[in-house]
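The values are calculated or read from the model by the stated rules, or taken from the named source; none is laboratory data. All figures in this text were calculated on a predicted structure; none of them were measured in a lab. Ideal geometry is used to build each Cβ from the backbone, glycine not excepted, and the neighbour counts take in all protein chains shown. Accessible surface areas use protein heavy atoms only, side chains included; no ligands, DNA or RNA. Shrake-Rupley method; radii C 1.70, N 1.55, O 1.52, S 1.80 Å.
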Amino acid sequence: MRILVVEDDVNLNRQLADTLKEAGYVVDQAFDGEEGHFLGDTEPYDAIILDIGLPDLDGVTVLEKWRGAGRGVPVLILTARDRWSDKVAGIDAGADDYVTKPFHVEEVLARIRALIRRAAGHSSSEIICGPVRLDTKSSKATVNGTTLKLTSHEYRLLAYLMHHMGEVVSRTELVEHMYDQDFDRDSNTIEVFVGRLRKKMGVDLIETVRGLGYRIQAPKHAN
């Protein structure tokens, strides 16, 4: 899952980015409204954290531009405690949720997890596909109760496929959501990660859809 953090406070931006990375997310950072708007308008993100009080272009305007262009990515806005009007303006502009400063980064993580789950149609912190369970809260996956020992890339691949269970996901889409904007992306590596993931899982759930990509879905006999 790939997240964009748009926050002009360098220390807070870094803190959020570091926490998200530790939780297994791929993170891009922007420090003003112009840069944030450009990235959100040109790169595919699973969620965006957007500060309202940004230089160059304020957060509400950035959000209005995204929504006006049809960008439906979930957006969590950051607002000052004493500016209730910012919350109203942000929600009216199309924000999906908000957090008031100062905040605990754990709350931001929880809200981001919830936004991504809801966008994919999942209501629980656990996503289940046959014998595979993905715990989005702990960033762990199990097969028949046994914990899978996954690398960060393997986990990101499994998490993205399970959030989009039943859908065909192209190699390009997987690459775009597994790596940040500065990474030297190579869609051929996806095949390698899929092979490793299949071997570790030991169950035949990831289907190769020739010429299109991959799909994960529970066996037809599963409840």
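Things to note:
- Folded to 0 to 90 degrees: helix 84-93 orientation relative to the chain principal axis, Cα: 50
- Helix 10-22 axis versus longest C-alpha principal axis of the chain: approximately 10°, rounded to the nearest ten.
- Average accessible area per residue (Å²) across the chain - probe 1.4 Å, nucleic acids and ligands excluded: 49
- Diffusion coefficient, µm² s⁻¹, Stokes-Einstein with Kirkwood Rh over alpha-carbon pairs of the range 1-124 at 20 °C and 1.002 mPa s: 152
- A DSSP coil position with no more than 12 other Cβ atoms inside 10 Å describes the following trypsin sites (Lys or Arg not before Pro) in the range 1-101: ARG81.
- Coordinate range of the alpha-carbon atoms in the chain per principal axis, descending: 52, 31, 29 Å.
- One compactness figure for the range 96-204 is 1.14, namely its Cα radius of gyration divided by 2.2 N^0.38 Å.
- Among the trypsin sites (Lys or Arg not before Pro) in the range 192-223, those located in a DSSP loop and surrounded by at most 13 other Cβ atoms within 10 Å of their own Cβ are ARG210, LYS220.
- Taking the protein heavy atoms of the chain in the context of the full set of protein chains, the accessible area attributed to carbon and sulfur is 46 percent at 1.4 Å.
- Eigen-decomposition of the gyration tensor built on the alpha-carbon atoms of the range 65-149 gives equivalent ellipsoid semi-axes of 32, 16, 8 angstrom, largest listed first.
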